[in-house]
Amino acid sequence: MNLTLGAMGSLLPKLGELLKDEYKMQTTVKRDIQAFSRELASMRAALCRVAEVPREQLDDEVKLWAADVRELSYDTEDIVDSLLVRVKGSEADADMDGFKELVSKMKGLFKKGKARRQIATAIKDINEQVQDVAARHERYKADGVFANLAAATRITAVDPLLVALYEDKQRLVGIENARDELIEKLCLTDDASKQPKILSIVGFGGLGKTTLAKAIYDKVESEFDCAAFVSVSRSPDIKKVFKDLLFEVDKEKYMSLSGGATLDEKLLISQLQESLGEKRYLIVVDDIWDVSSWKTIKYALTGSKCGSRIITTSRSVSVSRECCSYDDDMVYNMQPLSDGDSKRLFYNRIFSRNNVCPTELQQVSMNILKKCAGIPLAIITLASHLASNQQIKPISQWYALLNSIGTGLTKGDTNLEEMRRILSFSYYDLPSHLKTCLLYLSVFPEDYEIDRNRLIRRWIAEGFIQGDNLFELGVSYFNDLVNRSMIQVSKSDYYGEPIRCRVHDMMLDLICDLASEENFVTIMDFIKVDTPFETKVRRLSVQKVDLANTRLATSSISQVRSFTVFSPAINQMLPLPRFQVLRVLDLEDCDLGGTSGHLNLSCVGSLLHLRYLGLSKTKLRKIPKEIGKLLFLQTLDLEGVHKDAKELPASVVQLRNLMYLYVSRGTYLPIGYKKLTSLQELTHPKFTEDGYPEELGYLTELRVLKFCLPSRYPPEKLLILLESLGKLHKLQSLFISADDREKIGNLGDWVPSPPQLLCHLSLQGWYQAMPTVISYLSLPLLSYLHIYVHQVRLEDIQVLGTLPALRHLYLQSDDVAVDTATEQERETERSFMLRADAFPRVIRCRFLDVLFAPHMFPRGAMPMVKDLRFGLLVSDILSNGEWDLCLRNLPSLNRVWIKLHGEDNKSDRYYEARTAVETAGDNHPNRPFLRIWKF
């Protein structure tokens, strides 16, 4: 679904639902629904074509028509949803019996009949609107407006990347080290492989990929028989690419190809292969957007066996990896410029004579550079704006520019527009569903760290994701935006999965403008206080304003579907009853503990359309019972409310559509929670001693479960709880903690059964011995394991080493048993060695209070481990002169923590052992960070 499509993506399935037999529509009403559903589907197809064209290339009539369709789709979905809410809402049962239940059913039937009549009237009104918009559609088609859309997409201006190709080399900044590093990677004197070696440079648009590739090209071009530098671009003409290659490889022979010579693709490939022949060549293929283009070009280039070199650049991580599929080490991720290089580049552009910034401009220039975040394109563009026509603009204009970044770049300036246009290339290349998901990020303020899961759940609530396994689809959408360098990962979890992201200010400015132009999101900040609400507000993001002083205070907000308030504006909340079709209400991080006079959450029960209610970290003192009326709610986030809000209201059990429930640690679930059969994620509840643990077994859709056991949890109920967990066949992540860690020791040898889907398992309590069911046969997908075991045996480590998917291991023991071990046992331990194929995918491995032995790491073991912690016995290190831990056999190691046991840390033997360990670390080729601490 694209922003230009409005609500089409979610509306059409709902119209299909209205046609189901359960609604018992009159035949004429069904025909009306079917007719305008077909018309809307046709409009959607036309809008998809519109969405592929940059807005500035669209005819004004097309823009107007698209806006009409978009608004029509929103209004239609609101009507359909209102009717579905009324019909389905009457089906909520409340555990009644006898006469009370009969009366309730009769009322429900009456309401359904009334609702069906209302549907008939509403459908008639919708149909008339659809026909009116469709008539205009036909007029535009007759005028040829839509017929010209394809031609509009082919309109191109001067390639902005040409600037980088002919940049003044004396003014390049911050690429010297990267250039020399990549030249070393290319191994120009190593032709042993004979096949062309391919290096790929990847990064966000504007980071300087082309500049870096050209710098390498210029430096090493003379060492090859022939060289070429060609650009592919977003909508590639592969024939032209081949013609350019042929022309650069042999200018005299292929001079005619630069003109209108016509050769088919196969002939061009054949001639290129013939021309390259036995030559050793250097070719840069710049700006590759998709894998298919690369595969075609690669076919023509990789037949050489003369030690040639190919360099590619791309904005997509997946494309770069495809270019270098045989060697990930040949993918180079562009990094933003350092603060020092950013300053040099900025000052070079403005103060070209002496590169010295006047004192009065230093602070504002630093603030501008902070906004640029090291992106060369942003720095160059803004510097050019401030020093146009060789005249430095006055300080007032510097501050005006600073304030415009992130809220709307200055219009009319060619440099700023050029940067926006370059950034927009990436946007228009997105499929329609990703355009919508990206533009939705305009809801969040600049420099805001956006939680991935929060974002995906909001996408789901808005209807942007359609299909099965909605959250998994959302994760794939998020990852796609990361791979395309549209968003930047700011934090990852222990599994290496991204959990937070940022949007670069320049990209945020672009998507905010696009979202505003299409009436997708209305942003209220300190600059846009007096926004004239000429159209209906659909999504409202309140960031930094006093709403009482805006036109919004008196405007209609009944049609707002998403309302997000950030903490600076929480004291100016709008009354909740004014919202009639609200689907998302997100107040995360707002302090509700002292704002009772401004926000009455008891009114939340009137928001019957609500799908997402975000109250995380709000310090809310009491969870309103009215939440139970939100029968369509999918996400309820209460994590981080006030410590006094420890109980969920009993009405929560009525939320049959709830998929994601997050509560603060220690929050008790109400009796009857077994009715929440749609739950997929449940985090941090605490089971009571007098509760019913068998209810958990009814939540068969659960994928993620995190809970805490009370210190006095009855053993008989623990057995029931374990039996209930065994019924959760879709469980992928399980985290069990306890007030008393010894409590989990009562689990004996237990892990969930069947455990085949488990990826993450954390049992934060003490086991006497390693559970025997933790093995590669029982847990083939396990990637994260956190477990406490009193006595860890060497064979336990070998078993853990066989887990094929394990990437993160946290194993703690409390029994080092140095003094009690016999000499025979110690000799066995000293001779212990990992298997050569142990821990094939582990990245982080922590063995706390677990002793390792000399010669522990053979070649092949732990090939991917980066962070490693374990213990050593001083006597083992000093037992003979041949002590060797073999750390050098761990090729990826960059951090190692070692705890020394058996000697006082002030003794000579301790320092001798410490020196030996430090030497082992120094001898590792990576020179990893090494920390040694006492027992």
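Quick notes on this structure:
- Rounded to the nearest whole Hz, the Karplus-based 3J(HN,Hα) values (6.51 cos²θ - 1.76 cosθ + 1.60, θ = phi - 60°) of segment 864-873 follow the sequence 10, 5, 10, 10, 9, 9, 6, x, 10, 9, with x at glycine and proline.
- A Förster radius of 51 Å combined with the Cβ-Cβ distance from Asp884 to Asn355 puts the calculated FRET efficiency at roughly 0.45.
- Mean Cβ neighbour count within 10 Å, used as a protection proxy, ranking 501-512, 646-657 highest first: 501-512, 646-657
- Hydrodynamic radius of segment 430-520 by the Kirkwood approach over all distinct alpha-carbon pairs: 13.3 Å.
- Remark: the Arg234-Thr677 segment gains 154.9 nm on full extension, using 0.36 nm per residue and subtracting the alpha carbon distance.
- Calculated P(r) of segment 848-887 - Cα pairs past 14 Å, %: 51
- Sorting 237-247, 332-342 by average packing, meaning the other beta carbons within 10 Å per residue, from highest down gives 237-247, 332-342.
- Derived scalar couplings ³J(HN,Hα) [segment 65-71; Karplus, 6.51 cos²θ - 1.76 cosθ + 1.60; whole Hz; x for Gly, Pro]: 4, 4, 5, 4, 5, 4, 5
- Distant-in-sequence amide contacts of Asp493, defined by a placed amide H-H separation under 5 Å and a gap of 5 or more residues or a different chain, comprise Ile499.
- Separation of the Lys643 and Arg712 label points, Cα + 7 Å toward Cβ, nm: 2.1
- Spin-label model, Asp837/Lys491: points 7 Å from Cα along the beta carbon direction are separated by 3.9 nm.
- Size descriptor, Kirkwood hydrodynamic radius, that averages inverse alpha-carbon separations across segment 824-935, Å: 14.1
- Segment 344-387 shape via C-alpha gyration tensor axes, a/c threshold 1.5: oblate
- Integer Hz, Karplus 6.51/-1.76/1.60 couplings in order for segment 910-922, x for Gly and Pro: 4, 5, 5, 5, 4, 4, 5, 5, 4, 5, 4, x, 5
- Cβ-placed point charges (K, R +1; D, E -1), dipole of segment 793-935 about Cα centre in debye, nearest 20: 940
- Model label zone, Thr700; criterion: amide N under 16 Å from point 7 Å along Cα-to-beta-carbon; scope segment 668-683: 674-680
- For segment 175-333, the equivalent ellipsoid derived from the alpha-carbon gyration tensor has semi-axes of 23, 18, 15 Å in decreasing order.
Here, each number is a calculation from the coordinates, and none is a lab measurement. No experiment lies behind these values; they were computed from the predicted model shown. Here Cβ is always computed from backbone atoms with ideal geometry, including for glycine, and neighbour counts include all displayed protein chains.
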